[in-house]
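Working notes for the structure below.
The values are calculated or read from the model by the stated rules, or taken from the named source; none is laboratory data. If you're wondering where the values come from, they're calculated on a predicted model, not measured in any experiment. When we count neighbours, we look across all protein chains shown, and the Cβ atoms used for this are built from the backbone with ideal geometry, even at glycine. Just so you know, the surface numbers come from the protein's heavy atoms only, side chains and all, with ligands and any DNA or RNA stripped out. Shrake-Rupley method; radii C 1.70, N 1.55, O 1.52, S 1.80 Å.
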Amino acid sequence: MPDRSVVWFRRDLRVADQPTFLAAADSDEALALFVLDPALIAPSGGARLTFLYGCLRELSAALGDRLLVVKGDPVDVVPRVAEAVSASVVHVAADFGPYGAKRDEGVEKALADAGRELHRIGSPYAVAPGRVVKSDGDPFKVFSPFRRAWADHGWRDPADTSAATVTWMDPSDKDGGPRAVRIPDDVAVDAELPEPGERAARAAWQDFLDIVDEYGDTRDRPDRPGTSRLSQYLKYGCIHPRTILADLAQRRSESANTYRTEIAWREFYADILFQRPDSARRNYDRSFDALPVATGKEADAAFEAWKEGRTGFPIVDAGMRQLRAEAWMHNRVRMIVASFLVKDLHLPWWWGARHFMQLLVDGDLASNQHGWQWTAGSGTDASPYFRVFNPITQGERFDPNGDYVRKYVPELRGIEGKAVHQPWKVGVPEGYPEPMVDHKAERQEALDRYEQVKNARR
C-alpha cells in the first residue's frame, strides 16, 4: 500500500510558495482537497463566492484537474476523505480565525481518533498570529510597537515549491468517502470582478511593482490607480505575503516601506482577532458599549440611503456606488464612508461592517472588522474619537478634480472640477439628493455622544 497524504486547501489557493507541497512530497501520493463548507459559504456574498469558484477552477487546472471538491462539515468529511484514500496525514496551512481554529481542532480530534494526523505547516501570514509578543510574553495592543517587533522577528523566504515533486492522485481513484461535487457555477452579481487565481495575482503584483515607488504619494487618491488591488488575492492566498515582502526587500524607497507597513497592518489585525475573537462582533474597547446609537425607522432609512449611495455627499455616494459596481472600494474612501455612517448618522459600526462583508470581493474578517473599529474609535490604535471626517474637505483633498466622484455618480458629471463636492452651491442636478444631514451639527452630536463614553470610563 503506497504512503498517501491529503493536502487540504483553504486560504492558500496557489501552487507557488506552497509549504504544504513540500510536506506532501514525502508521500508516495497526495490527494488535493477543497471542502465547500456551508458554514463559510452561507455568509459569503456573491462576489466572494464567484471569485472563490474562479480561483478553484484555476487551481484545479494547475493540478492537472486533480482537485477533489466535496461539500459538508469538514469535521465530518475530511476524516472520511482521508480514510477513503488511506492517507495517514492531512496537510494544511494553519487557520487562526475564530471559526477556522475551532473547526481545525474538531478535524484534528476526529483524525486522531482514527489514527491519523492533521499537520499544520505555514499560514496565510508572513508571521503567524501569536508569534509576535512583548518581552513579557503579552500580546501587543498598539500597532507601532507591533510593527517594529514584527519586522525584527522576520519571516521565512518564499517556499521553493519547484523543489517539491508531488504525485497527485486522481480523485476518481478514491474508494468511498464523501461524494465529489463539481465546482459551482458563478453567482450572478452586478459587480465587475477582478480576474481570479494565482496567475492574475502574480500579474497584478508585477504591475504594482512598476509603480510601488510612487505608492506613498498616490495611495490616498481614489481618482488614480495608485494601490496594488491585491487584497482579494491575499484573502484567498493566491499570493502569499512572503512573496510580496521578498520582492519589497529589493526596494529601498520610502514608498516601498509604506507598502510593507500596510502588510504589517493586515498581520496586526489578524493577531488582534486571534487574541480577542470576540472583537469580530463586539467593541474591542468595551467602554464603547456605552456609546448611544441611532435606532428605529429613521435609522433604518438612513442606513438604506447610505447603502444606496444617496446621502447627498458626493464622495460618500461615489464610494458606496463603487462598492456595488466593483465589489471593492478604495481604502481612503472606506474610511470616509465609515466615518459618515458612525459619526454623521450615528449608526452602529457593525451595521456597516456587515454590509461590507456581504459585498466586498476581498472581505476579510480581521481587516474589515478592525478597520471599522478604527474609524468608530472602539478598536486598537483607534482614530481619536474627536476625529470626524468632513466628507466635503476629504473629497476636495483626495479627489481634487472630482474625477472619482464623476466616475461613479453620473448625476454629477455635468459639474466640472472640485465644485462637484458641493453641488448645492451650483445647483443640485435633478435626480441627485440634497445632503441628508448637516455635517457640522452631526459632528457636534457625535462629539457629545463620545463624551458620554469618556464620562463612563471615569
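Say each of ASP300 and ARG202 gets a label point 7 Å from the Cα, pointing the same way as Cα to Cβ; how far apart are those two points in nm?
Here the answer is 5.1 nm between the modelled labels.
Cut-off under 13 Å on the C-alpha distance; same-chain residues fewer than 8 positions from LYS109 excluded. Which aspartates and glutamates are left, in chain and number order?
Partners found: ASP76, GLU117.
What nm distance separates the two modelled labels at THR261 and VAL142, each placed 7 Å from Cα along Cα→Cβ?
Reported label-point gap for THR261 and VAL142 is 1.6 nm.
What is the set of long-range amide H partners of VAL90 at a cut-off below 5 Å, with H atoms built 1.01 Å from backbone N?
Those qualifying (amide H under 5 Å, at least 5 residues apart or on another chain) are VAL6, GLU117, LEU118, HIS119.
Carbon and sulfur: what percent of the stretch 253-342's accessible surface (1.4 Å probe)? All intermediate terms of the calculation are to be shown ahead of the outcome.
On the way: 1620 of 3210 Å².
The value for the stretch 253-342 is 50 percent carbon and sulfur by accessible area.
Just one of [x] 0.99; [y] 1.03; [z] 0.97 is Rg/Rh (Cα atoms, Kirkwood Rh) calculated from these coordinates, so which is it?
Calculated Rg/Rh (Cα atoms, Kirkwood Rh): the matching label is [x].
Quick one: Debye curve from the alpha-carbon atoms of the stretch 104-145 only, equal weights, vacuum; give me log10 I(q)/I(0) at q = 0.21, 0.30, 0.32 Å⁻¹ to two decimals.
-0.77, -1.01, -1.07
If you filter the stretch 251-283 for trypsin sites (Lys or Arg not before Pro), then keep DSSP loop positions with at most 12 other Cβ within 10 Å, what is left?
Details: sites: ARG251, ARG252, ARG260, ARG266, ARG281, ARG282; in loops: ARG251, ARG252, ARG281, ARG282.
Here the sparse-neighbourhood loop sites are ARG252, ARG281.
Would you mind getting me the FRET efficiency between LYS102 and LYS71? Use the beta-carbon distance for r and R0 = 25 Å, nearest 0.05. Could the numbers behind the result be given before it?
Working: r = 20 Å, r/R0 = 0.79.
Efficiency computed from Cβ-Cβ geometry: 0.80.
Leaving ligands, DNA and RNA out of it, work out the accessible area of THR165 with a 1.4 Å probe and give it in Å² to the nearest 10.
Here the residue's solvent-accessible area equals roughly 110 Å².
In sequence order, what are the phi-derived ³J(HN,Hα) couplings for the stretch 359-365 according to the Karplus relation 6.51 cos²θ - 1.76 cosθ + 1.60 with θ = phi - 60°, rounded to whole Hz, with x for glycine and proline?
10, 5, 6, 9, x, 10, 4
Run the helix sum for the chain: -39,500 (n - 2.57) per DSSP H stretch of 4+ residues, divided by residue count, reported at 222 nm to the nearest 500 deg cm²/dmol.
On the way: 19 runs with 206 residues, N = 458.
Rounded to the nearest 500, the figure is -13500 deg cm²/dmol.
Express in nm, to one decimal, how much length is gained between ARG252 and ASP160 on full extension, taking 0.36 nm for each residue of separation and deducting their alpha carbon distance. Working shown, then result.
Numbers: separation 92, 0.36 × 92 = 33.12 nm, distance 2.47 nm.
Contour length minus the Cα-Cα distance gives 30.7 nm.
Rounded if a/c is under 1.5, else prolate if a/b beats b/c, else oblate: with a ≥ b ≥ c from the C-alpha gyration tensor eigenvalues square-rooted, which is the stretch 211-269?
Working: a/c = 1.70, a/b = 1.21, b/c = 1.40.
Oblate is the answer for the stretch 211-269, as a/c is 1.5 or above yet b/c matches or exceeds a/b.
Simple spin-label model, 7 Å along Cα-to-Cβ: ASP170 to ALA61 in nm?
2.2
Using amide H atoms built 1.01 Å from N in the peptide plane, name the residues 5+ places from ALA32, or on other chains, whose amide H lies under 5 Å from its own.
Under 5 Å from the amide H of ALA32 lie the amide H atoms of VAL7, LEU68, MET169, each far enough along the sequence or on another chain.
What FRET efficiency comes out for ASP185 versus ASN455 if R0 is 56 angstrom and r is the Cβ-Cβ distance? Round to the nearest 0.05.
Values: r = 55 Å, r/R0 = 0.98.
The calculated FRET efficiency here is 0.55.
For LYS407 and GLN444 in the same chain, what is the full-extension length gain: residue separation times 0.36 nm, less their Cα-Cα distance, in nm? Don't skip to the end; give the middle numbers.
Numbers: separation 37, 0.36 × 37 = 13.32 nm, distance 3.17 nm.
Extra length from LYS407 to GLN444 when fully extended: 10.1 nm.
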